[in-house]
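The values are calculated or read from the model by the stated rules, or taken from the named source; none is laboratory data. Every value quoted in this text rests on a predicted model; they were computed, and no experiment measured them. Because the Cβ atoms are built from the backbone with ideal geometry, glycine has one as well, and the counts that use them run over all protein chains shown.
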């Protein structure tokens, strides 16, 4: 079978398997095969993998915070559920989530996930470019990017200047806003060139994606990014705000593209909870107990044993000691396992 020919990179593990389309005998491009009659059923799946060490580190970080990992979701898939509707998915759309370390791309066509890719450039790279190119501190570079940055140098004012205070008595440094925009545009153009390349790889150019490109993530708040995206890719572009699923009276901060992934993960968790609840209700029937079979609660008068304060402290101290010893022992074995790997 073809599934045995699937190549999984060494050191990776499967995060998710998403069905794209099914075939039943001679019938092709079936989104849902339930109800079809036939002899042979086939399917195409989109397999998402991730680095085992990265996944292990994420799980351990979550566990150390006192929580438990329920599932792993690819970032653009989480963001898409927060900023897009079913109409967008059917029309054909590419979501570009510009984060700090990476830019994630997910392409949907006719309601089916066609392609995903992680581009190893993001907002952090732009900040480092500004820091290196202008000779400023990283905090200053980030602040300039947020306040004065533009993805198009032609839109920047030629005579506008940013004054940076000098270090330890050195004179202030003046930086042209247009020079800042040139640095930002160079990196953003590179990211959009990657997006265009991957869209052409899957054969979905500007004639296929009627929904265009949806920009989200913290990097999507950059000025004139829509114009640069449309110029580079030839597709219509818009900013994706995660406000479709927010209740009235929500905090305005949550409607920013920065929180698209976070809200998408919450929606995913809620969807899974509702699905499990409905499955439980269909499999289990609630039975009402007749009144005549209900037993009255009997409260027995039992002698109470009063524990002295020294005994209580001793028992609590012993419990805390064994608890800390157990956690330390588990962490020790985990660290040895990591070194072995």
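Quick notes on this one:
- Flag for residue 90 being modelled with pLDDT under 90, surrounded by fewer than 24 Cβ atoms within 10 Å (Cβ to Cβ) and over 16 Å from the mean Cα position of the chain (by Cα): yes
- Any chance residue 175 is touching a strand residue (DSSP E or B) at 6+ places or on another chain (Cβ under 6 Å), surrounded by 14 or more Cβ atoms within 10 Å (Cβ to Cβ), in contact (Cβ under 8 Å) with a residue 24 or more places away in the chain and within 22 Å of residue 122 (Cβ to Cβ): no
- As a summary of the residue check, residue 163 satisfies the conditions (1) touching a strand residue (DSSP E or B) at 6+ places or on another chain (Cβ under 7 Å); (2) within 29 Å of residue 254 (Cα to Cα) except for the one numbered (2).
- Residue match in the stretch 157-168 (condition: surrounded by 13 or more Cβ atoms within 10 Å (Cβ to Cβ) and closer than 21 Å to residue 190 by Cβ): no
- So residue 19, is it under 26 Å from residue 107 (Cβ atoms) and over 17 Å from the mean Cα position of the chain (by Cα): yes
- Output for the stretch 141-152, where each listed residue is crowded, with 19+ Cβ neighbours inside 10 Å and touching a residue at least 24 places away in the same chain (Cβ under 8 Å): 144, 145, 149, 150, 151, 152
- Residue match in the stretch 61-82 (condition: more than 14 Å from the chain's Cα centre (by Cα) and within 20 Å of residue 105 (Cβ to Cβ)): no
- Looking across the stretch 104-140, the residues that are without any contact (Cβ under 8 Å) to a residue 24 or more places away in the chain and either surrounded by 22 or more Cβ atoms within 10 Å (Cβ to Cβ) or part of a helix (DSSP H, G or I) (or both) come down to 127, 128, 131, 132, 138, 139.
- Residue, surrounded by the fewest Cβ atoms within 10 Å (Cβ to Cβ), within the stretch 222-244, restricted to residues that are part of a helix (DSSP H, G or I) and touching a residue at least 40 places away in the same chain (Cβ under 8 Å): 227
- Residue 180 being touching a residue at least 24 places away in the same chain (Cβ under 8 Å) and touching a helix residue (DSSP H, G or I) at 6+ places or on another chain (Cβ under 8 Å): yes
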